[in-house]
1. For the range 169-182, name all the residues that are more than 8 Å from the ligand (Cβ to nearest atom) and either in the same structural domain as V254 (by TED's automatic domain parsing) or of a type in the set (D, E, K, R) (or both).
2. Please list, ordered by residue number, the helices (runs of 4 or more DSSP H) wholly in the range 1-109 having 2 or more residues that are surrounded by fewer than 23 Cβ atoms within 10 Å (Cβ to Cβ).
3. Need pairs with beta-carbon distance below 6 Å; first residue within 17 Å of L16 (Cβ to Cβ) and among the hydrophobic types (A, V, I, L, M, F, W, C) and within the range 147-164, second surrounded by fewer than 24 Cβ atoms within 10 Å (Cβ to Cβ) and at pLDDT below 95; sequence gap 6+ or separate chains.
4. Aliphatic (A, V, I, L, M), assigned by TED's automatic domain parsing to the domain that holds V8 and assigned to a strand (DSSP E or B): does that describe V114?
5. Report yes if K270 is in contact (Cβ under 8 Å) with a residue 40 or more places away in the chain and of a type in the set (K, R), otherwise no.
6. Kindly indicate the residue of the range 188-229 that is away from the ligand (no atom under 16 Å from the Cβ) and of a type in the set (D, E) and also surrounded by the most Cβ atoms within 10 Å (Cβ to Cβ) among those meeting that condition.
7. Report yes if some residue within the range 76-94 is free of Cβ contacts under 8 Å to residues at least 12 places away in the same chain and more than 15 Å from W400 (Cβ to Cβ); otherwise report no.
8. Enumerate the pairs (first residue in the range 50-73 and at positive phi; second residue anywhere and surrounded by 14 or more Cβ atoms within 10 Å (Cβ to Cβ)) with beta-carbon separation below 7 Å, excluding pairs fewer than 6 apart on the same chain, so at least 6 apart or on different chains.
Amino acid sequence: MERFDVIVIGGGPAGLMAAGRAGAKGERVLLVEKNQSLGEKLLLAGRRRCNITNAEPDLEAFIERYGQNGRFLYSAFSRFGPAETLTFFNQIGIPTVTERGGRVFPTEGGGQRVLDMLLLQCKKYGVHILRSSPIRALKFRDGRVERLISALEELEAERYIIATGGKSYPKTGSTGDGYRFAAQAGHTIEEPTPALVPVKTHETWVKLARGFNLRNVRLTVTVDGRKTDERFGEMEFTNFGVSGPIVMDLSAQVPDWMKQGVLRFHLDLKPALDMETLKRRVAQDFEKHKDRLFAGALRNLVPGPLIPLILELSDVPSDKPASYVSTEEKAALAALLKDIPLTINGLWSFNHAIVTRGGVSLKEVDPATMRSKLCDNLYFAGEVLDLNGPSGGFNLQVCWSTGWVAGEA
Ligand SMILES: Cc1cc2nc3c(=O)[nH]c(=O)nc-3n(C[C@H](O)[C@H](O)[C@H](O)COP(=O)(O)OP(=O)(O)OC[C@H]3O[C@@H](n4cnc5c(N)ncnc54)[C@H](O)[C@@H]3O)c2cc1C
């Protein structure tokens, strides 16, 4: 049996970075991937354009985007953070461009270019790659990983890096195997839940406006009536609930909030107008269109695709002449436009989640090396760790930084 210095399990962005870095340090490296092709999820990233990182210049602000667990990243980011990542990609032949919200993309070629260049790095440093080889289990001896059991053979190395990803988009190969391996080594696994995922609502009328993209709206989150969060931006209705950037960014906390009480999102369609201004605006519109019916008078107040939904939620019959709509009814309409309540009753499944929240507990991993504190020849990199951020390049940055640090160590 051929023996390696390092075996990396998983050929996603974290595994590719770790393998390339360990190879660059002169180690004999084997990268084992269960699929025939590597980086399947990386190819999907950023609608195939691959949002590799974020241009947020302040490291503190960058780290804050990961919530409490972000503190774990200080050490890795101080050695290979967003700035070093950009330099790395530029040096391996991937010039980048920064777009809205600080999103950084390759100027051309998208995820395919990123994958090709990472594979080229691995080749340059003599990394062996074994495809179509799912690792089934780890074998331990004296508190260390002794070998790996794959479908076809047993594999041995001095050190092992688990970079098998989370549980989201399982069709790309990330089926949570790394959690099982880490648990075998005695690690605590923080419950994996879908994140950056659409949200389900109790209200079924959402489907009346499904697919319609709302811009410049505000979502206020309440738990048992208490305000807990607020977002401003884009969202959309789906067949079973709501989705879009602001909803996806809130989704990671939904399981926690649901444990605390009744979770509601309150949609404000007119965040730029306070209630009194909106009431005046509604009154003006109804005066201007007094020869129309209620449904017709709404046309200047809300986009067309939302009108069926407003009619469903309003007590005013759609065919009531606008001139007969009372002051109270107009006030109720203004209140509705400022607060459409959505009762949240769950998340879509891992099949639709961009990332996984939860994973290998950070308490049991050394942040400077990604080495297990329980098993001294075992390391972790990427989404298998209990780290997740919002959309905008933050999740791939975790892979580059933790992959580089694990490979370096
Ligand atoms: C549609 C979509 C779009 C996204 N867009 C972006 C974006 O633009 N920017 C961003 O920052 N993030 C994005 N993400 C998130 C980002 O892609 C992931 O966080 C990232 O791919 C995680 O990398 P990883 O290397 O940790 O794991 P993965 O990419 O999941 O790779 C893990 C690899 O391990 C292999 N593997 C698993 N189990 C085994 C086993 N037992 N034996 C051998 N191999 C195994 C898998 O087949 C897979 O190849 C997106 C995610 C999705 C689903």
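1. Answer for the range 169-182, where residues must be more than 8 Å from the ligand (Cβ to nearest atom) and either in the same structural domain as V254 (by TED's automatic domain parsing) or of a type in the set (D, E, K, R) (or both): K171, R180.
2. 40-44, 59-64, 74-80, 82-91
3. The qualifying pairs do not exist here.
4. Criteria not met by V114.
5. Criteria met by K270.
6. E203
7. Checked the range 76-94: no residue is free of Cβ contacts under 8 Å to residues at least 12 places away in the same chain and more than 15 Å from W400 (Cβ to Cβ).
8. What qualifies is C50/L42; C50/F105; C50/P106; C50/G110; C50/G111; C50/V114.
The values are calculated or read from the model by the stated rules, or taken from the named source; none is laboratory data. These figures come from a predicted structure and were not determined experimentally. A quick note on method: Cβ atoms are made from the backbone with ideal geometry, for glycine too, and the neighbour counts reach across all protein chains shown.
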